[in-house]
Amino acid sequence: MHGGNISSLARSGNSLAGNAGQRVVKTSPFPIAAKFRGHKIVMSHTTSTQACRSFRLVCPQERAGAVEALLAAEGFSFSPEPFFPLARRLLHEPFPLGASLAARFGYIYIQDRSSMLPPLALRPPDEAAVLDMCASPGSKTGMLGQLVGMNGFVLGNEPSPKRLNTLRRNLQAMNLLCCATCSHPGEALPLPGGSGARAVHEAESEPAAFSRILLDPPCSGWGTAEKNPRVTSLWQGDKVKPLIGLQRKLLAEAARLLSQGGFLSYSTCTTNVAENEEQLRYARDELGLECLALPELPGFSFMDSPLPDVTGAWRVQGGDDGQGFFVALLHKPFGQCKPARAQRDEERGPLSVAAGGPLVNAGVRGRGAKDRAGNRRDKAAQRLQESEGCLLAPDSIASEGVDAAKLPEGLLAVFGQNVYFLPVAAQKLLAPQNTRLVWKGFALGRMGRNGRVHVSAYLRALMPTVAEARNRAFAVLDLEDCRPLHDMVSGRGIALDALAPASVRSFSPPLGTGGGIAELGLYFQGLPLCRLQLRGRRALLPPG
């Protein structure tokens, strides 16, 4: 249990299980890349594929073929899953999938197929705004980000600072500019409720509530028993009661935050009826939410509900379908009575967004003097509030290898030397006057001394296509096979003059020419990977 108590660990959005591999661990799917020697991959062992190993392609549908080609070039084989166009089932891995080049450049996310169900149950439309209340390590947050697209918005909340860092690293690796993060207790989020004056249908000058919320709360993790046999004996009887109580607090908070007419996906990785169907009874009878019937989903065999009055949820027993999982879809009807906390919030008055004002609260926390709302803030946070983040124009981006036109609608803001992208939807959902809420947008890069933004070299989402790069006179290296990539990942870099012609699809300027190039776009069969650093005629992967 890592020395923590139930309440502090539970708020982090994990299952409180004691063994490594259970959901309390939820390690990052982007581990440090394997070491390479020449073109031969050196691993401590070779593994055969475990049952039901699944992963998700992190790319637009039109780039799926290129990501698959990168995986196939290293010897991985897989098959498409029928329930989601970007889901794949692993058939063979010559070495751990997490050490693949596709993982190294953030193009895949290793995820149990059952874990992909909650975002699919919520099915947010393109450009929607979604709240993920218990987000780390980012499996479902990232999938939501893919579903809503670059012009949508996903706020991932993670109370644990350690796990918050994992969440942010994973979202950064996936290049999900539409995602922002915050760190507050899930059962007491400082956000406006979805009833009364702050309903989603009210005037745009008021902060809108979330019309879609995903809640994957701490649970007993019985669904992971196949991998963690001790979990069912560890979490029995009185030990589960605190989890059940916390789940109900989180459900009540989700009901408060949900706009009228909105949808809530509730999920656990347990098969415990008390944490699943009985919690739906609570949501229905005590919170006034409606339980909606989810449709059949190809590729899964769902079990019947053990409670005849609570049906329509997806119940995965485990085995070949993936780990045991429970997913339900709840609806907040119009005209529902406001939860008590929403009424108390309304008495304090609405939290309005300043017209045309910039967003603040970029993610600084600490101890210090209390603000007007009675919350402690350190001096750095106060300075950020007063400076309002120092907004920038998109044309302040310095690199030729970054196409600022690919940025979705939003703001660029500087906090210290770091530059963040703040989605426009956040202006309607996160009020700057709400000093209780501390949040952070997507980290784009750093501010240079020349007043220009130096964007992260791994921000492939803003890289031009190979054809666009040529039109912009941006130097590119488009590789045909992955062997030179192994040399770069090993830290040795590659000599551009020594590249075998068969390894290169396109190189501009031509091989062997000079030109004083400072930066080079790296592509694999047209798939953007990163911007390389050049040391003379030697190309190196950037740090990070």
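Here the strands (runs of 3 or more DSSP E) wholly within the stretch 72-112 that include at least 1 residues being of a type in the set (Gly, Ala, Ser) and modelled with pLDDT of 95 or more are 77-80, 87-92.
Among the conditions (1) under 23 Å from ALA313 (Cβ atoms); (2) open to solvent by 10 Å² or more (accessible area, probe 1.4 Å); (3) touching a residue at least 40 places away in the same chain (Cβ under 8 Å), ARG123 misses just one, which is (3).
Being aliphatic (A, V, I, L, M) and surrounded by 23 or more Cβ atoms within 10 Å (Cβ to Cβ): is that true of LEU251 here? Yes: the conditions hold for LEU251. Here's a check for you: in the stretch 190-203, which residue that is part of a loop (DSSP other than H, G, I, E, B) and crowded, with 22+ Cβ neighbours inside 10 Å is modelled with the highest pLDDT? It comes out as LEU191. Within the stretch 147-172, the only residue that satisfies the criterion of being in a helix (DSSP H, G or I), in contact with a helix residue (DSSP H, G or I) (Cβ under 9 Å, 6 or more places away or on another chain) and surrounded by fewer than 23 Cβ atoms within 10 Å (Cβ to Cβ) is LEU147. Within the stretch 67-100, being hydrophobic (A, V, I, L, M, F, W, C), crowded, with 18+ Cβ neighbours inside 10 Å and more than 21 Å from the chain's Cα centre (by Cα) holds for LEU70, LEU71, ALA73, PHE76, PHE78, LEU90, PHE95. Screening GLU253, GLU286 for residues that are over 16 Å from SER211 (Cα atoms) and of a type in the set (Asp, Glu) leaves exactly one candidate, GLU286.
Of the set (1) at pLDDT 90 or above; (2) crowded, with 24+ Cβ neighbours inside 10 Å, all apply to SER220 but (1). The one condition from (1) open to solvent by 10 Å² or more (accessible area, probe 1.4 Å); (2) among the aliphatic types (A, V, I, L, M); (3) over 22 Å from ASP216 (Cβ atoms) that ALA103 does not meet is (1). Checked across the stretch 278-287, the condition of being among the small types (Gly, Ala, Ser), surrounded by 13 or more Cβ atoms within 10 Å (Cβ to Cβ), touching a Gly at 6+ places or on another chain (Cβ under 7 Å) and at pLDDT 95 or above holds for no residue. Taken over the stretch 258-269, the criterion of being within 21 Å of the chain's Cα centre (by Cα), open to solvent by less than 10 Å² (accessible area, probe 1.4 Å) and either among the small types (Gly, Ala, Ser) or at pLDDT 95 or above (or both) is satisfied by LEU258, LEU264, SER265, TYR266, SER267, THR268.
Here the condition is being at pLDDT below 50 and either small (Gly, Ala, Ser) or over 15 Å from GLY194 (Cβ atoms) (or both); of GLY357, GLY299, GLY312, it holds for GLY357 alone.
One residue stands out among those in the stretch 126-143 that are under 16 Å from GLY441 (Cα atoms) and either β-branched (Val, Ile, Thr) or not in a loop (DSSP other than H, G, I, E, B) (or both): the one that is most open to solvent (accessible area, probe 1.4 Å), which is ALA129.
The values are calculated or read from the model by the stated rules, or taken from the named source; none is laboratory data. None of these values were measured; they are calculated from a predicted model. Backbone-built Cβ (ideal geometry, glycine too); neighbour counts: all protein chains shown. Surface accessibility is based on the protein's heavy atoms, side chains included, excluding ligands, DNA and RNA. Shrake-Rupley method; radii C 1.70, N 1.55, O 1.52, S 1.80 Å.
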